[in-house]
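Trainee: Sharing a structure with you now.
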Amino acid sequence: GGGGGAQERIKGLAVDLQQRTYQAVARSLIKEDRLTFALHLARSLAPHEFAEADWSLFTRKQAGGMSGSFSVPGWVPADRKADVALLSTTLPQLVQESGLASNPEWAQWMGSPSPETMPPRSMPSSVRRFQFLLLLQALRPERLGAALTSFACDLLRLPNLGTAPSSLQHVAAEGNDPTQPILMITTAGVDPSAELEDLASRVMPGRFKPLAMGGQQTGPALQLVREGAQRGDWVCLKNLHLVVGWVPALAKELSSLTPHPEFRLWLTTEAHPSFSPIVLQASLKVTFEAPPGLQRNLMRTYETWAPEYVETGSVQRAQTLFVLAWFHALIQERRTYIPQGWSKFYEFSSADLRSAADLLAPAAGQGSGALPDLEMVHGLLGTSVYGGRLETGADKRVLDSYMRQYFTGELIAGRGGARALGGVLQMPQSARHADFVRAIAALPPVDSPALFGLALNADRAVASRTSSYVIKSLRTLSTAAEGAAAFERERWSAELSPLLTLWQKQLQQNDLLKLASAGASAVLGVHLDTPVHRFVALERKKAAALVEAVDGTLSSIARVVRGAELLTASTQADGATLLALTVPSAWADLWEGPPEPAAWIRAAVARTVGLAGWWQRIEQDALLGSPLVLAELLSPSNLLNALRQQTARAAKCSIDSLRLSCALEAAAFRDAPAPPVQVHSLLLQGALMSPSGLSEAPPDAPFLNLMPPLFVAWIPANSPDPYPAERSVSLTVYLDTERERTLAELILPCAATQTAWIQAGAALFVSGEH
């Protein structure tokens, strides 16, 4: 009996220790990294829950195959087919046991709003919980984050992944070692130094010494630390991310001090990749994050704007400031939806808000009904204050649509009282600061995509992206933990064998070397010599070079692993690169494909095989009369250029006099200089396509949807588009779902206004690759 009690006590202490470990580390992490750490910790403590092959596939360290006898069910959405195929070739037994291909319950399960909580009833108990997460990853990645959180909490015996509230008073009591700095890691929009100053005024009156760091403050900072350590003061050095190169000097200074027992060194910094690891390891770390959302963003603005600032002047001026605060919050919080909201993270800052307020407030201050020059306001906000940061045409259109929606005569003249901003925020009819704060408090604390004008299913894309971030972080964490530098034959064999096996499968299944040889020596007959056909010939030669480069790299590594070849510097560099799960430069220089080696190989092989099909159609003189899949090309933009050149020849006109146009029906191009080409398999985000044009995507719609075939043609620049301007919108076509590389702009028919689709983040993609 006593022994059993001791065992239970030990188990209880073990659970307490792992919970304390999680809390101690998690409070130093930003919220989006806590799930990564929880899973890393759970796998260390309960390795039996994570089979090695399952974990390798989950983190995409397992290369997998590319094809096999498994046929992806028709109910699988277009953007999920590749992941389901990868699952089937890597873990075929799991796919068979789960009944993924044969059980109709899976199709019904796909439509569930919370599929992670309710697996198909017929799924056998032999499918372990983590294996079910692999199925979820392949089919419903937007629900994977919630499932992983529940899984990690169960393994670690945690109620949730939050951290216990850390008041600075509690942190000060815990950090009672004068030699240990207290590092407060902050995000934009939050500054704990005011709370710290208030605490110091009560605990250490007259002995708090703050200093905001900059290039000229490093000398005074060291002197302040020396004096504080001698007298027992609290010293606070703010914004160390501005002087990261100097931080090691601070660490050196601290190591040489023998501080007074009451001395405390408080440091604040935003996250920075070059921050000194010595200081990080030596410090007690606490993270302070600004709560997300429009409500909190607006509250922060009105905490910064004192009542006298808001109430000075007319009601019109106060309302104009309110519109500006809403606009500023909108464009900042839209960053949650990157890359659908903005194509990248733009540093919209409080300085931008101040500049805009300085521009708008005086113009609206008299309340006489006279309006500022709105075109000038739009121009200054759109070119210098906010728009100067934007890098893409699509992002500039979003900003312009917001400016024209909110900086209107109706709102700035104070006549928009009955109109709610964003449909939810009522405009106060006074200049009282408290009235605006009260209106903000009535906002919902959690934002919906509709507040930003985004598609109603945009949250699904955010959730999927969050899951991808966690997986990438876990992969990086495990790779970094394993180390990389020196050659270790056993490690190379264990970790690179899946990639070598993948390549061998592709060589055998697709006869790649034969395809590459045929592509490298392909010659066009005289009667087939056109710009488009020449483009395809060049693509085949490029694909052949890719195959040769990959085969050369992996063959050398395979021989080294077998001991049949001496290790050279180039082979060691390539092996180390692949172990780090990045693409060797010799491959990337030939083609900018996916960032991970296995995905890069699968994409390159798919294009090599696809181009062989294009060549067969050329030999039959049937290429442009058949449907074209742009994802089968290495350089889709060059195809469009070749089509333009070919059209210009047919029309006997200059290339510059033509522009790209598209339609849902070929008949729209009866009068075009050359017949249109039919483009298949484009993907659409931010909308659905109906026969009449773009339509709203419901909240439960997949975030990528297969487009119907599009007919594309180059037409004279002065020719009308197939669709009238008031019922069409220009969408960007991207080469990847990260929206980093653009292909073209296409004008498509739409049911609502152009503004609706611009703000929805609607766009087309050549493929679903990241």
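The values are calculated or read from the model by the stated rules, or taken from the named source; none is laboratory data. Only a predicted model underlies this, so the values are computations on that prediction, with no experimental measurement involved. Heads up, the Cβs are rebuilt from the backbone with ideal geometry, glycines too, and the neighbour counts pull from every protein chain shown. Keep in mind that these areas ignore ligands, DNA and RNA; they rest on the heavy atoms of the full protein, side chains included. Shrake-Rupley method; radii C 1.70, N 1.55, O 1.52, S 1.80 Å.
Trainee: Mind ranking Ser517, Ser88 by accessible surface for me, highest first, 1.4 Å probe?
Mentor: My answer, sorted largest first, is Ser517, Ser88.
Trainee: While we're on this one: Using the reciprocal of the averaged 1/r over all distinct C-alpha pairs, how large is the Kirkwood radius of the chain in Å?
Mentor: Computed over Cα pairs of the chain, the Kirkwood hydrodynamic radius comes out at 30.2 Å.
Trainee: Around Leu474, with a cut-off of 11 angstrom between Cβ atoms, what is the net charge of the other residues, counting Lys and Arg +1 and Asp and Glu -1?
Mentor: Here the charged neighbours net out to +4.
Trainee: Which ³J(HN,Hα) values, rounded to whole Hz and listed in residue order, are derived for region 201-212 from phi using the Karplus coefficients 6.51, -1.76 and 1.60 in 6.51 cos²θ - 1.76 cosθ + 1.60 with θ = phi - 60°, glycine and proline given as x?
Mentor: Per residue, the Karplus-derived 3J(HN,Hα) values read 5, 8, 8, 10, x, x, 10, 10, 10, x, 8, 7 Hz.
Trainee: Where in the chain lies the longest segment free of trypsin sites (Lys or Arg not before Pro) that are both loop residues by DSSP (not H, G, I, E, B) and have at most 15 other Cβ atoms within 10 Å?
Mentor: Here the longest run is 433-651.
Trainee: Measure off 7 Å from each Cα along the Cα-to-Cβ vector at Ser166 and Leu45, then give the distance between these two points in nanometres to one decimal.
Mentor: Placing both labels 7 Å along Cα→Cβ, they lie 1.9 nm apart.
Trainee: Let me ask something else about it. Can you tell me the FRET efficiency between Gln281 and Gln616 if r is taken as the Cβ-Cβ distance and R0 is 51 Å, rounded to the nearest 0.05?
Mentor: It comes to 0.25.
Trainee: Starting from the amide H of Lys209, placed 1.01 Å from N in the peptide plane, find each other amide H under 5 Å away whose residue is 5 or more places distant or on another chain.
Mentor: Under 5 Å from the amide H of Lys209: Trp234, Val235, Cys236.
Trainee: Any idea what the relative contact order of the chain is, in percent, if you count C-alpha pairs under 8 Å spaced at least 6 apart?
Mentor: In percent, rounded to a whole number, it is 11.
Trainee: Additional query: 5 Å is the cut-off here: which amide hydrogens, built 1.01 Å from N in the peptide plane, fall below it relative to Ser728, excluding neighbours closer than 5 in sequence?
Mentor: Answer set, sorted by chain and number: Cys750.
Trainee: What does the charge count near Ala642 come to, summing +1 for each Lys or Arg and -1 for each Asp or Glu among other residues with Cβ under 13 Å from its Cβ?
Mentor: With Lys, Arg at +1 and Asp, Glu at -1, the net is +1.
Trainee: At 1.4 Å probe size, with the rest of the protein present, what percent of the exposed accessible area of the chain is carbon and sulfur atoms?
Mentor: 54
Trainee: With all protein chains present, calculate the accessible area of Met707 using a 1.4 Å probe and round the result to the nearest 10 Å².
Mentor: 10
Trainee: Rounded to the nearest 0.05, what FRET efficiency do Gln508 and Ala545 have when you use their Cβ-Cβ distance and R0 = 25 Å?
Mentor: It comes out at approximately 0.75.
Trainee: Separate question: Using Cα-only point scatterers and the Debye equation, what is log10 of I(q)/I(0) for region 621-770 at each q in 0.14, 0.17 Å⁻¹, rounded to two decimals?
Mentor: Log-scaled intensity ratios, in q order: -0.67, -1.00.
Trainee: Can you compute the helix-only [θ] at 222 nm over the chain? Use -39500 (n - 2.57) per DSSP H run of at least 4 residues, normalise by all residues, nearest 500 deg cm²/dmol.
Mentor: When only DSSP H runs of four or more count, the value is -15000 deg cm²/dmol.
Trainee: So which GluC sites (Glu not before Pro) in region 244-350 are both in a DSSP loop and have at most 10 other Cβ atoms within 10 Å of their Cβ?
Mentor: Those satisfying the criteria are Glu347.
Trainee: Quick check for me: using +1 on Lys/Arg Cβ and -1 on Asp/Glu Cβ, what's the dipole size of the chain about its Cα centre, in debye to the nearest 20?
Mentor: The dipole magnitude comes to about 440 debye.
Trainee: Would you tally the net charge around Thr186, using a Cβ to Cβ cut-off of less than 12 Å, leaving Thr186 out, and scoring K and R as +1, D and E as -1?
Mentor: Taking every Cβ under 12 Å from that of Thr186, the sum is -2.
Trainee: In addition: Per residue, how large is the accessible surface of the chain? Use a 1.4 angstrom probe and give square angstrom.
Mentor: I get 45 Å² per residue for this part.
Trainee: Excluding residues fewer than 8 places away in the same chain, name every one of the lysines whose C-alpha is closer than 19 Å to that of Lys344.
Mentor: Lys396, Lys472
Trainee: Another question about this same structure. Would you list the P(r) distribution for region 78-231, with all Cα-Cα distances sorted into 10 Å bins from 0 and each bin expressed as a whole %?
Mentor: 8, 25, 18, 10, 14, 15, 9, 1
Trainee: Could you state the per residue volume, in Å³, of the convex hull enclosing the Cα atoms of region 528-666?
Mentor: Each residue corresponds to 140 Å³ of Cα convex hull volume.
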